[in-house]
1. Nearest 5 is fine: what % of DSSP beta bridges in the chain come out antiparallel, could you say?
2. Magnitude of the Cβ-charge dipole of the chain, K/R +1 and D/E -1, about the Cα centre, nearest 20 debye?
3. Of Leu24, Leu37, Ser53, which is farthest on the positive side of the dipole of the chain, counting Cα position, with +1 on Lys and Arg Cβ, -1 on Asp and Glu Cβ, and the Cα centre as origin?
4. Quick query: amide H of Ser53 versus all other amide H atoms, modeled in the peptide plane; which residues come in under 5 Å with a sequence gap of 5 or more or a different chain?
5. Considering amide H positions built from the backbone, and no H for Pro or chain starts, which residues 5 or more places from Ala72, or on another chain, come under 5 Å of its amide H?
6. Work out from phi, with θ = phi - 60° and the Karplus expression 6.51 cos²θ - 1.76 cosθ + 1.60, the ³J(HN,Hα) of each residue of region 66-76, listed in order in whole Hz, and give x for Gly and Pro.
7. Measure nothing but the geometry: give the 0 to 90° angle between the long axis through the Cα atoms of 30-40 and the longest principal axis through the Cα atoms of the chain, rounded to 10°.
8. In the full protein assembly as shown, how much of Glu19 is accessible to a 1.4 Å probe, in Å² to the nearest 10?
Amino acid sequence: MSVRVRYFASARAAAGVEEEVLQLPAGASVAEAVVALRDLHPETLPRILQAASFLVDGVAVRDRSRPLPEGAELDVLPPFAGG
């Protein structure tokens, strides 16, 4: 299945792209997508993914074992500073 991954802030800089399409097995979870992203960008992205928050189709992910639907949009949100 295809999942569109969008990167924000430092995650975008680490991935080197604003977005990309990730191919995953049907029924793959958010956690499995994170592993695939680490494998795609092993030098720059793992540290950011460890601390990041994720949205699936605009909804915050609390449980990374949640299955992704076909065609989902996965947003990678690194920790933000500010006030």
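The values are calculated or read from the model by the stated rules, or taken from the named source; none is laboratory data. Quick caveat, the model's predicted, so the values are computed rather than measured. We place every Cβ from the backbone using ideal geometry, glycine too, and count neighbours over all the protein chains shown. For accessibility, only protein heavy atoms count, side chains too; no ligands or nucleic acids. Shrake-Rupley method; radii C 1.70, N 1.55, O 1.52, S 1.80 Å.
1. Just about 75 percent of them are antiparallel.
2. 260
3. Farthest along the dipole direction, towards plus: Ser53.
4. Sorted by chain and number, the residues that satisfy this are Leu77.
5. Arg4
6. 4, x, 8, x, 4, x, 5, 10, 10, 9, 9
7. 60
8. The value for Glu19 is about 90 Å².
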